[in-house]
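**Q** After the structure tokens below, expect a handful of questions from me.
Throughout, read-outs are computed from the coordinates displayed, never taken from laboratory work. Keep in mind it's a predicted model, so treat the numbers as computed, not measured. Neighbour counts run over all protein chains shown; Cβ positions are idealised from the backbone, glycine included.
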Amino acid sequence: MPPQSLKTIAGRTGLSIATVSRALSGSTLVREKTRLEVRRIADEIGYSRPPLVGAIMSSLRRSSQHSYLGNLGFICITNPDETGWLPFHEQSIEGAQARASELGFNLSAFRHVPKDNRHAALNRVLKSRGITGLIFINRQAQGDFSNFDWSPFAAVQIDYPISTPVLHTLGIDHHRTIRMALIRLMDMGYRRIGFFIERYKDIRLAYKWSGAFAAFQRGAGSLKPIPELEQPAIDRASFLKWFRRHKPDVVVGHKTAAIRWLRDEGVRVPADVGFLNLNWNESDVPCAGLDLQAREQGEVAVESVVAQIHQFDKGVPDHPKTIYIEGRWVDGPTLTPAKA
């Protein structure tokens, strides 16, 4: 039932919303006279009980533990040649499944390769499995879902895996997180901070990492400005060319391969130059970095979708909302206070 209908009936009867809900479900905890009056007003305003309510109540009556409320889907938009899950995605799914279970929902994870903006096969699979809540994440691909049938689903995206339409979104507060990290680096004595990122990551995050870095560098008078290295793919040659030209005393980026590239050139990490990983969750070697709270993002995504389900909020939102989570600093062996 739409929240406004609950409020309307409650206002006209003088009952609480909870009592109205119980009355409409036929609960014996509500007197028959009250149930009839609530039903009469519901019919008068044209209330039609949403199918999800019936499914929930039937499930509760069948379950002595009252534990099962529905199914959620965690969908990773990916390219055809990509298989498996990234560590960040695995952690997000673990958090999402744990929180879903606590809230009485099952959660299944899918990989989805977009073929057109209808995504008809995905839509059929989701409906056949009785999934009513969706969480989207991506690797490199970004999906156009403009003709997808959103009407049966509550949905949220982690970062920006979907280009169209605009959904409720959650993700890291990139500006606050990068500002926190740069202040920490300055407190450690670093003054020539070099930032590098591959273009698809920058685009996928709406340039939030690089934008935050540029803004901070402009406002921090004691920093010596270094142009960021941003290109489609960052390899050894392009990274070392940039490094030799600008001579940063610490580099900040996603690719831990940069540590090996530097050491192979005789540059000591961290004695000569420090390294901070923008996504510590994906680190394949010990290093300092930013924990992007993958598990917590999965938990919060589930909470957002379940709240929408309980409020009967389905389809593309008229007023999309964004939830931000701040990243966490992780110490590691690739940073040391810079020498004066």
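**Q** Name the long-range amide H neighbours of residue 293: under 5 Å, sequence gap of 5 or more, or other chain; modelled H, no Pro or chain starts.
**A** Residues meeting the criterion, in which the H sits 1.01 Å from N, are 328.
**Q** Placing unit charges on C-beta atoms (Lys and Arg positive, Asp and Glu negative, everything else neutral), compute the dipole magnitude of the range 252-297 about its Cα centre in debye, rounded to 20.
**A** Dipole size: approximately 60 debye.
**Q** DSSP loop (so not H, G, I, E, B), at most 16 other Cβ within 10 Å: list which GluC sites (Glu not before Pro) in the range 225-307 pass both filters.
**A** For GluC sites (Glu not before Pro) across the range 225-307 that sit outside H, G, I, E and B with at most 16 neighbouring Cβ atoms in 10 Å, the list reads 265.
**Q** Got a sec? Charge dipole of the chain, +1 on Cβ for Lys and Arg, -1 for Asp and Glu; which of 41, 292, 85 is way out at the positive end?
**A** 41
**Q** Of the trypsin sites (Lys or Arg not before Pro) in the range 223-297, which ones lie in a loop per DSSP and count no more than 11 other C-beta atoms within 10 Å?
**A** Details: sites: 236, 241, 244, 245, 255, 260, 263, 268, 295; in loops: 255, 268.
Here the sparse-neighbourhood loop sites are 268.
**Q** Further, regarding this structure: Above 12 Å lies some portion of the pair distances; for the range 163-212, what is it as a whole percent of all C-alpha pairs?
**A** Result for the distance tail: 71 percent.
**Q** Of [x] 49, 20, 17; [y] 27, 24, 20; [z] 34, 20, 19, which one was derived for semi-axes √(5λ) of the Cα gyration tensor in Å from the structure shown?
**A** Working out semi-axes √(5λ) of the Cα gyration tensor in Å from the coordinates points to [x].
**Q** Here's a follow-up. Can you list residues from other chains, or at least 5 along the same chain, whose modelled amide H is less than 5 Å from the amide H of residue 111?
**A** Under 5 Å from the amide H of residue 111 lie the amide H atoms of 76, each far enough along the sequence or on another chain.
**Q** Please report how far the C-alpha centroid of the range 74-106 lies from that of the range 216-293, rounded to the nearest whole angstrom.
**A** 29
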